[in-house]
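The values are calculated or read from the model by the stated rules, or taken from the named source; none is laboratory data. These numbers were taken from a predicted model, which means no experiment stands behind them. Positions of Cβ are generated from backbone atoms using ideal geometry, with glycine treated the same way; all protein chains shown enter the neighbour counts.
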Amino acid sequence: MLSRANFALILSAILSVLLGQPALANEKAEPDPAKSEYWEPIRKLMFGDREILDGKDVIRVYLATRADDASTVPVTVKAQINQTPERYIKTIYVVVERNPSPASGAFHFTPESGRAQVETRLRFEDFSHVRAIAETNDGKLWMSSRWVKAAGGCSAPSAKNRVPAALLGKMKFKFEEETIKYDEPNLVQLMIRHPNESPLAGDFDVTQVAEFVRSVTVTYDGKLIMTAEVDFSISENPSFRFYFTPHGKGELRVEVEDTHDKRFVQSITVMEGTPLPGG
């Protein structure tokens, strides 16, 4: 599993390699993902010479192939296997090949997650393959990809997305069902008020350090459910949907840290049969 420091180094290295690549947003047809000139340097930096297998039976990517707003494109990555102690997905890496920072996020799971699934919103700077690479607990890598026609999302002006200081870092949960069910996966959405600034935005002050969420940690009853290292490829006001499997009453707790070293915490006590927000 990549550490936060190593993940940051990879982001920087990929950025330096690819900034000089020509933009190809005027392409009409989907390029062959196996022949992408962008993917090979990214793969080498992130995974070295490790074999990456066809992931159709392990992981799949779902999103629209054409987006109306390139600054907020919904994406869902779904595991095709259950999370069990014997076999589970440890990490899902989300890569937007032609973004200035292609490694958009690394999401780490445990058997307590119940199901390895990520739903969020991404920025796209250019037409791009989106690749999801799952690492299972046996060390194997599995990949699925989609081609998306969206451009200009990372450099779009962000003034309209400013978050008042009093609301910065405020979080809330929204549950898929009205009540919690013990001993099975429960789907929950985490919403974070945060500008998640892109340093490429047309109105960004380059003398400042971009302020965006860089890590998310979710626990239930003290047990780790999901951790994530993310960057500014995630849209403003980040939203994440994921599963957790409660075995009894407990506290669902989230800790978020941004690039200005600000930390935000939100928690909720849940139990079977009690009405929940959302649903």
Failed item in (1) out of contact with any helix residue (DSSP H, G or I) (no Cβ under 6 Å at 6 or more places or on another chain); (2) surrounded by fewer than 17 Cβ atoms within 10 Å (Cβ to Cβ); (3) more than 15 Å from Thr72 (Cβ to Cβ), with Asn186 passing the rest
(2)
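Residues of the stretch 215-245 being of a type outside the set (Phe, Trp, Tyr), more than 30 Å from Asp183 (Cα to Cα) and crowded, with 20+ Cβ neighbours inside 10 Å, which ones?
Let us first name the residues in the stretch 215-245 that are of a type outside the set (Phe, Trp, Tyr), namely 215-219, 221-231, 233-239, 241, 245.
If we keep only those that are more than 30 Å from Asp183 (Cα to Cα) too, we end up with 231, 233-237.
Listed by number, the residues that qualify are Asp231, Ser233, Ile234, Ser235, Glu236.
Quick grid of which residues meet (1) of a type in the set (Phe, Trp, Tyr); (2) under 19 Å from Ser233 (Cβ atoms); (3) outside any strand (DSSP E or B); (4) out of contact with any strand residue (DSSP E or B) (no Cβ under 9 Å at 6 or more places or on another chain):
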| site | (1), (2), (3), (4) |
| --- | --- |
| Pro100 | no, yes, yes, yes |
| Ala106 | no, yes, no, no |
| Val118 | no, yes, no, no |
| Arg121 | no, yes, no, no |
| Glu125 | no, yes, yes, no |
| Ala132 | no, yes, no, no |
| Asp138 | no, no, yes, yes |
Filter result for the condition that a residue is more than 18 Å from Asp231 (Cβ to Cβ) and not aliphatic (A, V, I, L, M), over Thr91, Thr65
Thr65
I'd like the residue in the stretch 156-177 that is under 23 Å from Leu63 (Cα atoms) and crowded, with 19+ Cβ neighbours inside 10 Å and, out of all such residues, is modelled with the highest pLDDT.
Phe175
Quick one: in the stretch 249-279, of everything that is surrounded by 12 or more Cβ atoms within 10 Å (Cβ to Cβ) and small (Gly, Ala, Ser), which residue is farthest from the chain's Cα centre (by Cα)?
Gly250
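Which of the residues spanning the stretch 140-170 are in a loop (DSSP other than H, G, I, E, B) and among the hydrophobic types (A, V, I, L, M, F, W, C)?
Step one: of the stretch 140-170, the residues in a loop (DSSP other than H, G, I, E, B) are 140, 150-158, 162-164, 168-170.
Within the stretch 140-170, Ala150, Ala151, Cys154, Ala156, Val163, Leu168 meet the criteria.
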Can you confirm whether Phe124 is modelled with pLDDT of 90 or more, among the aromatic types (Phe, Trp, Tyr) and surrounded by fewer than 18 Cβ atoms within 10 Å (Cβ to Cβ)?
no
Scanning the stretch 209-255 for residues that are among the acidic types (Asp, Glu) and at positive phi gives Asp221
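When the residues of the stretch 30-72 are filtered to those that are assigned to a strand (DSSP E or B) and modelled with pLDDT of 90 or more, which remaining residue is surrounded by the most Cβ atoms within 10 Å (Cβ to Cβ)?
Ile59
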Does any residue in the stretch 151-165 that is under 14 Å from Val206 (Cα atoms) come within less than 7 Å, Cβ to Cβ, of a residue that is at pLDDT 85 or above and polar (S, T, N, Q) six or more places away or on a different chain, and which pairs are these?
Ser158/Ser198
Among Phe173, Phe242, which is in contact with a helix residue (DSSP H, G or I) (Cβ under 8 Å, 6 or more places away or on another chain) and part of a strand (DSSP E or B)?
Phe242
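Can you work out which of the residues in the stretch 73-114 that are among the basic types (Lys, Arg) and modelled with pLDDT of 95 or more is surrounded by the fewest Cβ atoms within 10 Å (Cβ to Cβ)? Walk me through how you get there before you give the answer.
To start, the set of residues in the stretch 73-114 that are among the basic types (Lys, Arg) comprises 78, 87, 90, 98.
Now restrict to residues that are modelled with pLDDT of 95 or more: 78, 87, 90.
Numbers: Lys78: 16, Arg87: 13, Lys90: 17.
For the stretch 73-114, the residue satisfying everything is Arg87.
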